[in-house]
1. Could you please find all residues in the stretch 101-134 being buried (at least 20 other Cβ atoms within 10 Å of the Cβ) and either of a type in the set (Phe, Trp, Tyr) or farther than 19 Å from PRO170 by Cα (or both)?
2. Could you list all residues from the stretch 245-300 that are of a type in the set (A, V, I, L, M), in contact with a Phe, Trp or Tyr (Cβ under 6 Å, 6 or more places away or on another chain) and closer than 23 Å to ARG419 by Cβ?
3. For the stretch 125-138, check the following and say yes or no: at least one residue is at pLDDT below 85, within 30 Å of MET279 (Cα to Cα) and out of contact with any Phe, Trp or Tyr (no Cβ under 9 Å at 6 or more places or on another chain).
4. For the stretch 137-159, which residues satisfy the criterion of being buried (at least 22 other Cβ atoms within 10 Å of the Cβ), more than 17 Å from the chain's Cα centre (by Cα) and under 16 Å from GLU98 (Cα atoms)?
5. Go through the stretch 15-64 residue by residue and tally those that are on the phi < 0 side of the Ramachandran plot, part of a loop (DSSP other than H, G, I, E, B) and not acidic (Asp, Glu).
6. Pull up the stretch 238-285, narrow it to residues that are among the acidic types (Asp, Glu) and closer than 20 Å to TRP303 by Cα, then point me to the one that is nearest to the chain's Cα centre (by Cα).
7. State which residue is farthest from the chain's Cα centre (by Cα) when the search covers only the stretch 53-67 and only residues that are surrounded by 22 or more Cβ atoms within 10 Å (Cβ to Cβ) and modelled with pLDDT of 95 or more.
Amino acid sequence: MTAPLISDAYRALNANLHAERADYGRRGHAWADAVRDLCRQAGTTDVLDYGCGKATLRDALSELDVHCYDPAIAQHSADPAPADVLVCVDVLEHIEPENVDNVIAHLASKTRKLALLSIACREAAKTLADGRNAHLSVHDPMWWARRITQRFDLRTASTKGSTFTVVAAPKEKPYAYKKEKPAQGIIPMPWVTVAAIQAQCTHAGSWPASALNTSAFEAAMSAGDYPTAAVFLRRALAIDPDDEYSLNNLATCMKHMGRDEEALRLYHRLLERRPDFHMANNNVSRLYLRKGDFKRGWHYYRWRLKSARPSEQMPRDQLKGRLLDTIPDPTLEDVRRKGIYLAPEQGIGDELFFLRWVPELIRKARPARIWYCPTPKLRPLVKRAGWPLTVAPEDAFWTPSDTPVLPLGCLPRWMGHERLEDVPAPLPLRAR
């Protein structure tokens, strides 16, 4: 069964509009020069005007072989043959929402070489006879880009005002867009950046069509193909050298490729512009720690407090002004006077790692009282350790109201450990 492109009621409504309004569907001729350029690129005169309206584009391009299709106009309503160049302008925003994907698939099936698609991303000034706005499908360019790239590879993409325009080629195989989880440290790129990269890509054999879609960067990262991902990102930076997404993601590519110095240089270039970019700060901390530069590594590691999600053990909205590691120059005297509350906000593996600093904290902070809220699975281990600390209730966050709070991951920096030799031995894990 053929997928529906338009409902009978909507077809009749549009047919009446064309019959009653001489000005309806008469803007096609404005695209004549753009279509001529596209035909020169494709080396053809074969054009299909999809959603042709009053066929003014055909009248303006008498030197080309322009075929017309419009389901609401009787003489142009027959299913058209494919053409080398397809033109669909001021049409997709009029499609019924339930049929948008079907129409885009139909467009791809009728395009041999290139398609020119232009879409209004705003409501129309006109209303239909049934009271609906004439633009039935109003979405932002990102939404349209994701729909279009299921069936097409973008050649160029641009916006002018509220109009989104692309030149695209049909895919050999349809692609189902997936919201894949990006690699660690990666920020999904805005569609405008991806589209700009694609506009710079050549198609001379070295760039397979399957790679040129809006998920190319994320797909390369997910596959571990960091060199390919880096090529896309460098193209993005050539277009916009200050784009923070591309800087962060290229630095992360370099980190995954083992090129730590280049990664650090890119991260710091970003942080010069955006000192509060928490993901870059967090990534820099990991690079310095990997290099053994603990002083700088633990300093930047503090940024995870701004980016990590609140947990039951450490809800940040209850701790404003009390997170000891966010207060400049905290002192042992303050801890000895008020005590200290240790809160985990890492995973269980990280919590086990940072627990090795607790015995030294107990020695340094005496006679302070220390509260601790361990992850439930670690409570038996903490009790067996016999440390002189108070284990907080398990069922809810609790701490004395004036007690400074120190996340476990902040212990190394707060205690001034700047060398590998300062790292305590792991805790002995004894079986029950």
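The values are calculated or read from the model by the stated rules, or taken from the named source; none is laboratory data. Small disclaimer: the values here were computed from a predicted structure and weren't measured. So basically every Cβ, Gly included, is an ideal-geometry build from the backbone, and we count neighbours across all protein chains shown.
1. Answer for the stretch 101-134, where residues must be buried (at least 20 other Cβ atoms within 10 Å of the Cβ) and either of a type in the set (Phe, Trp, Tyr) or farther than 19 Å from PRO170 by Cα (or both): just ALA120.
2. The answer is VAL284, and nothing else.
3. no
4. ILE148, the sole residue that qualifies.
5. 12
6. Among them, the one singled out is GLU244.
7. LEU61
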